[in-house]
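What follows is one structure encoded as structure tokens, with my remarks underneath.
The values are calculated or read from the model by the stated rules, or taken from the named source; none is laboratory data. As the structure is a computational prediction, the values presented were derived from the model and not from experiment. For neighbour counting, all protein chains shown are included, and Cβ atoms are generated from backbone atoms with ideal geometry for every residue, glycine included. Just so you know, the surface numbers come from the protein's heavy atoms only, side chains and all, with ligands and any DNA or RNA stripped out. Shrake-Rupley method; radii C 1.70, N 1.55, O 1.52, S 1.80 Å.
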Amino acid sequence: MAMASEETKLELFLQWLNVNGAELRGCKIKYCNSSKGFGIFSSNDAPDGIFLVIPLDLAITPMKVLEDPLIGPACRSMFEEGEVDDRFLVMVFLTVERLRKNSTWKPYLDMLPTEFGSTLWFSDGDLLELKGTTLYRATELLKKSLKTLFDEKVKKLVDKLLALDGNPESYNFLVGFDSQVRFEDFLWANSIFWTRALNIPFPSSYVFRTGQPERECGSSNAPGGSTTTELNGSSQVSGSESASQADSIFVEGLVPGIDFCNHGDSHVILLPFCKTLCLDIKAAATWEVDGSGSLTGTRFSMYLLSAGVIPIQGEKEISISYGAKGNESSLISLELVQELLFLYGFIVKDNSDDYLMLHYPVEAISDMPFSEGKLLLLEEQKGELRCLLTRNLLDNGFFPECTSPRGTKSREYDDDQGVDYKSARRKIPSFANKLVFPEKFLTALRTVTMTESKLQQVFSLLEEVVGSGGERRPSETEVRTAIWEACGNCGALQLIVDLLNMKLMELEEGSGTEESDAELLKKGEGGASSNGSVLMSRKKWASIVYRQGQKELTRRFLREAEHALQLALSEDTAKTSS
């Protein structure tokens with residue numbers, strides 16, 4: 001019955017695509033199973049390498065939302081007043097259209113998953129498996145933020161829009177009855193957006209076909225209802241007939257059909273209901289935009305193109321790549337960088353692109369002695385108190401796992417860049433090219449750990465180059481060099497050791513060591529017990545894989561920091577003795 005239901009959805013969706021001008025030329029969309037959902041497969045009849053063509057008019061973008069006769073007016077006023085951003089518009093659109101009884105988007109929306117493997121959908125018990133990790137804190141913060149957004153803006157707006165559409169239940173809400181929209185509806189829309197949206201290079205001639213933009217800066221409204229949105233990110237646009245970056249306006253949106261392409265990576269481990277599939281091949285396709293229609297025959301369209309020189313033979317799944325992603329989810333500049341398990345709902349075991357986030361809270365400096373001077377120096381040097389420690393940094397450290405050709409360049413210290421302090425005596429340490437911690441992070445931590453005498457020494461050194469009257473502001477290089485001369489590495493490395501020890505304690509609290517996690521994973525690989533029950537859920541399994549990887553990275557970076565600290569102390573002692 002379940003299979004029949006999915007086949008019915010697929011048939012209606014294919015009819016909907018056909019009516020709206022889409023073409024499946026060298027591919028077919030197939031239902032795989034409940035854990036994989038739908039995917040796109042080659043059908044061996046695409047001699048030009050073009051599998052699928054979708055008109056850009058089918059893309060769900062902020063432009064589409066603001067042009068919608070039902071949703072557009074209410075969203076436009078909020079958007080123009082700066083109350084909401086581009087992504088919010090798309091999420092509200094998805095929420096409303098999913099709840100509308102007669103939505104023209106129903107054949108597409110019915111094809112989308114209703115459950116996700118990302119941590120936002122973890123039960124409280126599953127989430128506890130991640131306690132002590134950055135991912136745990138990031139999930140709690142994001143879920144709280146989304147709930148606030150739902151309560152303050154989404155709930156009332158969606159009910160109002162449904163009432164305008166003639167939904168009697170929503171009308172009842174407006175006169176005092178319960179709302180028909182739930183937080184889970186908005187959470188679903190948020191997950192759909194983040195797991196399926198692409199950064200689309202719309203041809204400017206398509207965007208501005210009704211007039212010129214009225215306002216710029218990220219998002220701009222064009223007369224006649226056309227809206228343009230400029231967003232960060234990159235696309236895979238190439239070819240002389242494709243939209244060039246210079247003649248394109250990048251807009252985030254969903255493209256029905258193309259968004260059923262899954263991620264190509266032979267090492268991907270899946271969670272149930274995740275859009276992304278485990279494949280045996282690397283990315284087999286890329287997507288491009290055809291503004292003129294000379295390649296596809298459809299002007300203003302997006303098409304799926306074979307990424308290989310040799311065409312795909314037989315019926316194989318067509319995959320695209322999400323690019324290099326780390327398992328860690330970090331907090332940078334108070335914004336959530338959503339990756340793999342956090343965003344897409346899957347984990348990559350032994351991920352070479354994985355990283356660890358190390359953070360010293362700037363608010364802690366306020367309680368320190370001489371905090372004003374330290375904060376001033378951090379500002380002058382553009383100090384970085386957050387640091388992403390990527391796994392490949394370890395290749396050039398004291399204890400590399402293997403010899404690697406990557407990153408063989410020696411470290412460069414700021415005092416090698418032409419700053420000549422008359423009283424400078426400190427030499428670059430002999431182990432400088434083995435330090436795995438970024439210099440900017442080290443300089444910031446040197447500032448944090450400064451004593452009064454070292455702070456005074458730094459200001460004295462800076463007076464040598466800027467003058468006692470402060471005729472000019474010191475450069476970043478001059479500030480960092482003065483801090484290095486006054487402080488050296490010992491204080492900063494000791495602080496890194498303390499931060500890593502604290503992180504390891506948080507990771508191991510309640511879940512034990514890496515060895516404990518390895519034992520749990522070994523037991524979980526048994527599949528089912530004698531009575532047929534599942535020994536470990538996929539979400540729990542992925543959580544353990546993630547936290548074990550974080551413990552491993554923390555332990556390895558801690559070993560690097562402890563060894564570097566020992567060497568720094570030895571060299572400082574030798575210098576003092578001489």
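Judged by the mean number of other Cβ atoms found within 10 Å, the most tightly packed of the peptides 543-549, 142-148 leads the ranking 543-549, 142-148. For the pairs Lys106/Lys147; Lys143/Lys503; Lys28/Lys156, note any where the Cα-Cα span goes beyond 32 Å. Result: Lys28/Lys156 exceed 32 Å. Ranking Leu120, Leu305 by solvent-accessible area of protein heavy atoms (1.4 Å probe, all protein chains present), from largest to smallest, gives Leu305, Leu120. Placing unit charges on the Cβ atoms only, positive for Lys and Arg and negative for Asp and Glu, gives the stretch 78-168 a dipole magnitude near 180 debye about its Cα centre.
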